[in-house]
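The values are calculated or read from the model by the stated rules, or taken from the named source; none is laboratory data. Given the structure is predicted, the values throughout are model-derived calculations rather than measurements. Cβ: placed from backbone, ideal geometry, glycine included. Neighbour counts: every protein chain shown. Ligands, DNA and RNA are excluded from the accessible area calculation, which covers all protein heavy atoms including side chains. Shrake-Rupley method; radii C 1.70, N 1.55, O 1.52, S 1.80 Å.
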Amino acid sequence: MVKYVFTNHKQFALLYFSILLIDIFVKIQLPIFPYRYITKLWLLPLLMSYFYFNKIDNDKKKHRWLLFALSFFFIGDILVINHTNIISLSLSLLFFSVGKIFFCIKFSHKKDFNVSRLIPFTIIMFGYVIFIIGYLYKDLKAFLVPALFSFFLTLLMFQFAYLRKDVFNKKSYLYVFFGIILFIISEGIMAIKTFKTDIPYQDFLIMLFYGLSIYLIVFGVINEKKEELEFGEIKENEISSF
């Protein structure tokens with residue numbers, strides 16, 4: 001029964017987004033302790049189990065990078081609940097940064113790519129990072145360098161996700177790419193809320209975009225298949241390495 005829920009995509013989506021909505025409700029309506037620590041414990045472990053039960057092959061080494069990324073994000077999630085505490089906030093930034101590095105490793109590949117195709121997206125993301133840092137500059141204070149490093153890793157995640165195009169199947173590419181975009185939006189709202197000022201519906205938007213982003217990334221990787229080109233023709237899809 002448990003395995004069926006995790007291997008049936010529709011059943012799992014219903015379970016995951018139900019838990020996500022409960023977590024959002026708790027975040028908005030109930031005290032942080034103990035309620036938020038209870039609901040927050042479910043989301044990332046659910047996604048890790050979902051990935052585990054749906055992995056395409058049995059080579060554990062191919063799957064470890066995504067599982068490592070989700071594990072570090074899980075710890076960062078727990079720590080960031082108490083983001084008003086400097087130590088908790090600092091550690092959460094550290095764990096999220098390490099998780100981003102593992103995501104970058106997972107999204108990377110050995111196939112050559114067209115640098116000119118990457119330039120427009122790099123300029124857009126670089127401009128976004130400069131805008132956010134410039135807007136928060138006076139308020140970041142001791143967190144300026146950690147924030148810069150964290151946003152830089154987000155930029156790398158965005159680049160590696162984009163460079164999966166034409167290397168992996170379109171379905172996997174689009175889910176992962178849009179998942180990263182939603183993560184960037186969630187992270188930006190969280191940064192503004194934490195260091196600058198409140199914005200309308202911030203808690204709802206942060207968790208909605210974040211929860212949806214991680215789900216899309218995992219779902220995209222689960223459906224990942226390689227696209228190989230030979231003499232200009234797309235060969236038969238092969239199951240990718242995780």
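Structural remarks
- The range 1-240, accessible area per residue, ligands and nucleic acids excluded (1.4 Å, Å²): 54
- The calculated FRET efficiency for the pair Lys225 and Ile19, based on their C-beta separation and a Förster distance of 25 Å, comes to about 0.30.
- Per-residue surface analysis assigns Tyr137 an accessible area of about 130 Å², computed on protein heavy atoms at 1.4 Å probe radius.
- For trypsin sites (Lys or Arg not before Pro), the sites in the range 92-134 that DSSP calls loop and that have at most 16 other Cβ atoms within 10 Å are Lys110, Lys111.
- With 30 Å as the limit on Cα-Cα distance, the pairs of Lys100/Lys138; Lys100/Lys165; Lys100/Lys193; Lys170/Lys196; Lys10/Lys196; Lys40/Lys110 that go past it are Lys170/Lys196; Lys10/Lys196; Lys40/Lys110.
- For Phe168, distant residues with modelled amide H under 5 Å away: Glu227
- Atom-type composition of the exposed protein surface of the range 1-240 places 69 percent of the accessible area on carbon and sulfur (1.4 angstrom probe).
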